[in-house]
Amino acid sequence: MADPVSLVAKPHPVSLVAKPLIEGIIKIAFSLIKEEYSLLHGVKEDVEKLASNLTAIKGALQDAEKKQLNQPQLKDWLRKLQEAAFDAEDVLDTFATEATAWKERKKVRNGKFKTPLSTLPHKHDAALKIKDISRRLDIIAKEKENFHLRDQVDVGRREIPNDLGFHVNQSDVVGRENDKESIVHMLLSNEFDREGDVSVIPIIGMGGLGKTTLAQVVFNDERVKGHFESRMWVCVTVQFELTRILKEMIQFHSKMAFSDSSTSHLQSRLLDFLTGQRFLLVLDDVWTEDYRKWDSLKGLLKKGAKGSRVLVTSRITKVNDIIGTQPPHRLGYLPEEECWSLFSRIALSSNSVPGEMRKDLEPIGREIVRKCKGLPLAIKAIGGLLLGHPEDINKWRQIQNSEIWEIEEYDSGIDKLNILGILKLSFDHLPSYLKPCFAYCSIFPKAYVFYKKELVKYWMAQGFIQARGRETMEETAISYFDELLVKSFFQLSNVDNKDICSMHDLIHDLAVSISNPSCCLVDDNATCSLSESHQCRHVSLLGKDVEKPMVKIVNDAPKLRSLLLPTDDLKNFSYQALEKVFHTLKYLRMLDLSSSTILELSKSIEDLKLLRYLDLSRTEIKALPNSICNLYNLQTLKLLGCLWLSELPKDLGNLVNLRHLEVNSMFWFKLSMLPPRMGKLTNLQNLPAFRVGERDGFRIGELKNMEHLSGALHISKLENAINAGEASLNDKKNLHKLVLEWSEGIFNVQDEAAETRVLEDLQPHPNLKELQIFGFRGNEFPGWMRQGRLQNLVSVTLNGCLKCKTLTLGDQLHHLQQLCVKDMQELEKWPEVECSSLGRLKFSDCPKLTELPGFFPNLRVLKVKSCDSLKRLPVTPSLMFLRLVDNLVLEEWPEALVELHTNNDQGQPEIRRFPSTAQLLELKVISCPKLQRLPRFFFPQKLEISECQSLTTFPPPQHSRRLQHLALDACHDGTLVRTIPDTVSLYSLVISSISNLASLPKWPQLPGLKALYICNCKDLVTLSEGEEGSLRTLTSLKLLSIRNCPMLNTLNEELPSTLECLTIGSCPRLQSLGPKEVLMSLDSLKDLYIEDCPMIQSLPEDGLPSCLQHLKIQACPLLAERCRKEDGGGPDWAKIAHIPDLEIDPPSVKPSTNPPPPWYRHFLCCKGGSTNDGDGAEECPN
């Protein structure tokens, strides 16, 4: 088995990753010549000669790479060229950085900077190095002539399809249906159950056959999802680390990050949910042959329920002997016709390929497919290579006749194919700009999950990306990623409905073979041996104890460009080791110190002059040294999860190349003030918050040139804004969310016009999706709002705009989906407007609002609160969730017959008519005293009514057939309670604060009721009017809670035998729990709570049932005294001694004087009793 972290170099060709490197050097060289930084001591001539030599060499690189396999001297020449190119870039980049820094300092001092560039120490040193490299390249350029290389032009970038769906679409998985059904049968059938053991099913096959893809298809099968109570997926790879496996199982199950790394804690947490559950665990890509490692996990898995399964994928047959409990499913080669189907879907996916062209290409394609010998990964790689070339038959023939197939035939045994050769062919035909990007991915461990937006920052830091035309570097880099994805160098997997981007382990092996020895992975458990350390440029340290390998790498590889810590383990290294990194690795472009124990950062970080990417996330750093602001090249600064960090260095504005400043959203709330002159960061793409100041460097004009800002921007303290148009928000086309906020406080009427001008000047770009305005004190909204210029708005929030009388957002808002309006004290109307997409609408604290548009065709969620003048609701045929709170004069709820134009099953047009309230599922009405009736055609699932004295009836019983939760609160004299309809669907019922109700009425037919909550009924004396109204008629009741009923004196009836939980609290006159057998007969009761009932003297004479698991007695001194255990036990101790979980307060504990919580808070444990607004959705911003 190959060692994935071995650093020993193997014979391999030098890849063409040098070409983009050389192009970058030429660009730097010409920039230096143009700026005339290099005029002294003949350096200019050396730089010009260096650039000339590289330009001459560049064209022959493609031919050189092809011929090197048969010419060892040519391979050595390419290696020397690549090393010289790396060194040239380091020296020129360093010199350019120093020269630019000198120029900036001179600009800051208005040209009075006395030290000339020619006298700086680095200038002489750079001159010597440039001369040396120029001589080396001169020799290399002359040696080129010995190989008779031809100049070739790179084909450049090809357009790639926009649809990348075939990478994850399981319907496109071909040829494995029988395999899938066989494995699904083994997972679901009880014939494969193992008594006292977990059933382990291995999928065994060589690399590239599609084991992982098959496991994903099975994992996502609907039958499998429905059969198992819990499903987990862990990619194991070479190192079978129990701690990591346990952590990933927990995280997959809980959908939450879990930071604890203690094995015992992880085992305990896993068993919390695994014990007794029927689970499915997929262990993907298992290599271990050590039974002891598996045995430690197996012992935990046995705790699951019978029928649990472990599905293992592996290319090693011996894994089956060690782990498997069932015969392995051996995955074979894909049949030839299925191979062709897979290949043609990729390579000939375009519908624009003419029939004649397909006819010519098919025999060539079938020959290529035959040579792939049934390996899906090889077919996808070659298919991706030919994707976009249907018109280039010569390209197809070139692949068909490649000598790589002869090498494969020679190297392959009957059962073995050296797939790396085929994959190398695919790599060879990549455009040169993609090759370094792919090779760089070798520094990440196998099974690493790539995030596209993060990976492109790594590529940018290494200078692999040159923006094209008007594209940003990020946009160009993302197109690179998508191109590699289409060509199958990355793979998208779908696990539990989540798309995950990773690299097949064979593709990773290819990347390692190409990038070695430039890129290295070092495990803290492995011996670190860099046999070609002078050539090593990129290193990843795996594990926790990274200090020793880090120090060795610093000593052995001083030309390092990347130092990464790509795992989430907490890494330990000392301040001294970090200092050594800063002082030695002068050419470092990327430094990842995330999840490490560092507490402070030395000021010597400024020595890393070429650093472009710095990650300090999840460290306990409290402050950044101001010297970090001398890192002129820095593009990305990550500070995510730095909980102790509360400020940014004062000269942050000097980082003029900074593009990404990543901190948690909470940081912006802790930050008291931004550093001055943030406007110099003209490349910055994210600035979530900007507080407008009154002094230079803090004014709103700082935003003027920050045209690349994207995502969200919150501008606060706008009362300080002068000349707000200088912010140039209408030029910021990448902003999707804008928050504009004025501070609360005393308002000067004379400033009303000034604030209106400020908001007028802050017109955003038409691309804006979300707009929020807080505290605006002008009397009307700006013209760009009134005229509806922001046609792409999806969400609008207006809060505290106290003076505006009319809501004007334009006549047509075709994309608006959410509108939240709050605390607009003078708002009177929202005129008629077309909002065909509006799905969520909230009006709150608008006391003068009288008019809303009359019709919202697609509104799903509506909340109206404290709108004291609103009498009429709009017609809303799609409404599903409605909340009406504190609307004093609301009385009209219009119903209309709505027509819907659709097509029937035969495709013919038809018109459907239905009531406008028929879709309403959840309704909460609180304190709307004028509302007299509910809709006639109304079929709710959840209904809550409180303080609505005019409401006295429900809709007809036939409209309650899907009612699941009903809450009645503060309704006078119980009239509404007596009209509760018969329904089989009602699951939970709350009766609260009903006055003049001495006894509960006769219960309707409620056979499905599971939970009944009665509270704050101050006149309630008895629970039923007679035998017919007894609680016994509630034959499914499981929870009964009675609280704060001060007149209730006894439970004088039998309770349902199905009861599992009984709560009685704050009933000061209650003396008895009922007849002697009342509780003993409850043979399902598990929990009994008796709280704040000081008059209860004893438990029922017959005692408590044997099934009771938990008893709590609190603030019941008489009862607690009888139930004491001490001094031989009280009179009732024998009745409770059998209960496992007892909570009994001493008799001296007094009743609680705290007011009871709102009635709905007690109902969290019951279905349908959630305490949100009834729509299960986010609240509008406050």
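Any read-out appearing in this document is the output of simple, stated calculations on the displayed coordinates, not a laboratory observation. Since we're looking at a predicted model, the values are computed, not measured. Quick reminder, even Gly has a Cβ in these numbers, built from the backbone with ideal geometry, and neighbours come from all protein chains shown.
Could you tell me which of Leu386, Ile399, Leu149 has its Cα farthest along the dipole of the chain towards the positive end, charges placed at Cβ (Lys, Arg +1; Asp, Glu -1), taken about the Cα centre?
Of the candidates, Leu149 comes out farthest on the positive side.
When only alpha-carbon atoms count, how far does segment 336-513 stretch along each of its three principal axes, as whole angstroms with the largest first?
43, 39, 36
Which pairs in the list Lys924/Lys1010; Lys487/Lys544; Lys769/Lys863; Lys670/Lys863; Lys638/Lys842; Lys44/Lys67 are over 28 Å apart, alpha-carbon to alpha-carbon?
Lys487/Lys544; Lys670/Lys863; Lys638/Lys842; Lys44/Lys67
Using alpha carbon coordinates only, what is the Rg to Rh ratio of segment 176-330, with Rh defined as the Kirkwood radius?
Over the Cα atoms of segment 176-330, Rg/Rh equals 0.93.
Using only alpha carbons, build the gyration tensor for segment 519-678 and give me the equivalent ellipsoid semi-axes, biggest first, whole Å. Spell out each step's value before the answer.
Numbers: eigenvalues 153, 59, 29 Å².
Each semi-axis is the square root of five times an eigenvalue, giving 28, 17, 12 Å.
Tell me the Kirkwood hydrodynamic radius of segment 585-738 in angstroms, computed as one over the mean inverse distance between distinct C-alpha pairs.
In segment 585-738 this quantity evaluates to 15.9 Å.
Between segment 749-786 and segment 1070-1111, what's the alpha-carbon centroid distance in Å?
64
Quick one: of the DSSP bridges fully inside the chain, what percent are antiparallel, nearest 5? Numbers along the way, then the final one.
Working: 13 of 148 bridges.
Counting only bridges with both partners in the chain, antiparallel ones make up about 10 percent.
Number of Lys pairs in segment 176-330 with C-alpha atoms less than 20 angstrom apart, excluding same-chain neighbours closer than eight positions?
Taking the Cα cut-off of 20 Å, the pair count is 16.
Could you work out, for segment 1060-1148, what percent of all Cα-Cα pairs fall into each 10 Å distance bin, beginning at 0 Å and stopping at the bin that holds the largest distance?
All Cα pairs considered, the percentages come to 19, 57, 24, 0.
If you project the alpha carbons of the chain onto the principal axes, what extent comes out on each, in Å, largest first?
111, 84, 78
Straight-line reach from Lys930: which aspartates and glutamates have a Cα under 19 Å away, not including same-chain ones fewer than 8 places off?
Straight-line reach from Lys930, under 19 Å: Asp845, Glu851, Asp868, Asp886, Glu891, Glu892, Glu895, Glu944, Glu947, Asp969, Asp973.
What are the principal axis extents of the Cα atoms in segment 247-341, in Å, biggest first?
Result, largest extent first: 50, 29, 27 Å.
Can you check what the Kirkwood hydrodynamic radius comes to for segment 1003-1131, Cα pairs only, in Å to one decimal? Could the numbers behind the result be given before it?
On the way: mean 1/r = 0.0667 Å⁻¹.
After inverting the pairwise mean of 1/r, the radius is 15.0 Å.
Around His504, under 15 Å between beta carbons, what's the net of Lys plus Arg minus Asp minus Glu among the other residues?
Once all neighbours under 15 Å are counted, the net charge is +2.
In deg cm²/dmol and to the nearest 500, what is the mean residue ellipticity at 222 nm of the chain if only DSSP H runs of at least 4 residues count, each as -39500 (n - 2.57), divided by the residue total?
Roughly -8500 deg cm²/dmol at 222 nm, from the helical runs in the chain.
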